[in-house]
1. Open to solvent by less than 40 Å² (accessible area, probe 1.4 Å), assigned to a loop (DSSP other than H, G, I, E, B), small (Gly, Ala, Ser) and at pLDDT 95 or above, is that true of Ala217?
2. Checking the condition among the charged types (D, E, K, R), touching a strand residue (DSSP E or B) at 6+ places or on another chain (Cβ under 8 Å) and open to solvent by 50 Å² or more (accessible area, probe 1.4 Å), which residue from Lys139, Lys211 passes?
3. Please verify whether Val117 is closer than 24 Å to Phe300 by Cβ and in contact with a Leu (Cβ under 8 Å, 6 or more places away or on another chain), treating the condition exactly as stated.
4. Among Asp15, Asp34, Asp44, Asp7, which is the only one that is open to solvent by 40 Å² or more (accessible area, probe 1.4 Å), closer than 19 Å to Asn294 by Cβ and not small (Gly, Ala, Ser)?
5. Looking at this structure, is Asn239 over 25 Å from Asp80 (Cβ atoms) and not in a helix (DSSP H, G or I)?
6. Look through the range 142-160, keep the residues that are assigned to a helix (DSSP H, G or I) and either open to solvent by 60 Å² or more (accessible area, probe 1.4 Å) or in contact with a strand residue (DSSP E or B) (Cβ under 7 Å, 6 or more places away or on another chain) (or both), and return whichever of them is nearest to Ile218 (Cα to Cα).
7. Looking for something touching a Gly at 6+ places or on another chain (Cβ under 6 Å) and modelled with pLDDT of 95 or more - is there at least one such residue anywhere in the range 162-171?
8. Of the numbered conditions (1) buried (at least 16 other Cβ atoms within 10 Å of the Cβ); (2) more than 21 Å from Leu110 (Cα to Cα); (3) among the hydrophobic types (A, V, I, L, M, F, W, C), Leu245 satisfies every one except a single condition; which is it?
Amino acid sequence: MKLTILDGLALNPGDLSWDCFSEYASLTVYNTTDEKDVISRIGDSDAVLLNKIKINSEIISACKNLKYIGVMATGYNVIDVEAVKKAGITVCNIPAYSTDAVSQHVFAFLLNFSNSVSLHNDSVQNGDWIKAPVFCYWKKPLFELTGKTLGILGYGNIGKKVEKIANAFGMNVLVTPHHPNGEKNCVSLEELFEKSDIISLHVPLNKETEKIINEDAISKMKDGVYIINTARGGLVDENAVKKGLQSGKIAGFAADVISEEPMLENNPLLGEKNCVLTPHLAWAPLETRLRCLNIGLENFKGWLNGKIQNSIY
């Protein structure tokens, strides 16, 4: 049994160990893999683990021995689902491993907007407090989360955890589930846009949701809305968000994901005022990545034993 890990650096920069897989297969680990090397590196492997490496019909046709793909993430849009189905390849992902970490990151963004901790720390460290004429000052208006309306677009595990945290802050919560199922605080997408002070995105990226935050959607939102995206960069029309930030329609935009990763030099949000960006790290706490690794191992062992779990189809 040959197992190849194609982009191990994403999950494991050195603080985890892949040795747990060696007990079940002959293991080869690549930290990163260029697109042109995917076929040669898979070679005659029976199984591969990957995070963001794209697997298409050409790769599947060339790698005749491939029987299992373990996606070490929740999203599996890198996989040509129809092609792997046709080839009879089992594909398993890692659902729900990052719920706590991503929800936590949503509120790191939101508290950054409400309290401007980084801005004021920089000001103090630059000596502004020493020069202040009174005991306190603030560089921009602060606001309380209590009583604000948070609109959650998508209501899976992460959306529900975000709601729980929002309730603890005394926020009002509206939800627009990807697939409504009688939720008590469920509203239409248009109503979510119209009534929310803050909108947090938690839907998958597909044809239906691509650029769901666009110029028309933004025009329906409150003046001074805050938008947070910890889901997928493709949910957002970045040029429309830039326009909204510059006009003041959007008071703040925060994202852990962008349309193309790593970021390109010409990304329209780069350097934009009131825009907070982090490099797709919401899922990256050590505890979260270890959970992902362990579920990935259980997925692989389950496949070997004929007890498949977390199959994508």
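The values are calculated or read from the model by the stated rules, or taken from the named source; none is laboratory data. This is a predicted model, so every value here is computed, not measured. Note: ideal-geometry Cβ built from the backbone for every residue, glycine included; neighbour counts use all protein chains shown. Note: accessible area is taken over every heavy atom of the protein model, side chains too, but ligands, DNA and RNA are not part of it. Shrake-Rupley method; radii C 1.70, N 1.55, O 1.52, S 1.80 Å.
1. Numbers: open to solvent by less than 40 Å² (accessible area, probe 1.4 Å): yes; assigned to a loop (DSSP other than H, G, I, E, B): no; small (Gly, Ala, Ser): yes; at pLDDT 95 or above: yes.
In short, no.
2. Details: Lys139 fails: touching a strand residue (DSSP E or B) at 6+ places or on another chain (Cβ under 8 Å).
Within the list Lys139, Lys211, the selection yields Lys211.
3. Numbers: closer than 24 Å to Phe300 by Cβ: no; in contact with a Leu (Cβ under 8 Å, 6 or more places away or on another chain): yes.
The answer is no for Val117.
4. On the way: Asp34 fails: closer than 19 Å to Asn294 by Cβ; Asp44 fails: closer than 19 Å to Asn294 by Cβ; Asp7 fails: open to solvent by 40 Å² or more (accessible area, probe 1.4 Å).
That would be Asp15, the only listed residue that is open to solvent by 40 Å² or more (accessible area, probe 1.4 Å), closer than 19 Å to Asn294 by Cβ and not small (Gly, Ala, Ser).
5. Here the answer is no, as Asn239 does not meet what is asked.
6. First, pick out the residues of the range 142-160 that are assigned to a helix (DSSP H, G or I): 157-160.
Imposing the further condition that a residue be either open to solvent by 60 Å² or more (accessible area, probe 1.4 Å) or in contact with a strand residue (DSSP E or B) (Cβ under 7 Å, 6 or more places away or on another chain) (or both) reduces the set to 157, 159-160.
Numbers: Asn157: 26, Gly159: 21, Lys160: 24 Å.
Here the answer is Gly159.
7. Let us first name the residues in the range 162-171 that are touching a Gly at 6+ places or on another chain (Cβ under 6 Å), namely none.
No: zero hits.
8. (2)
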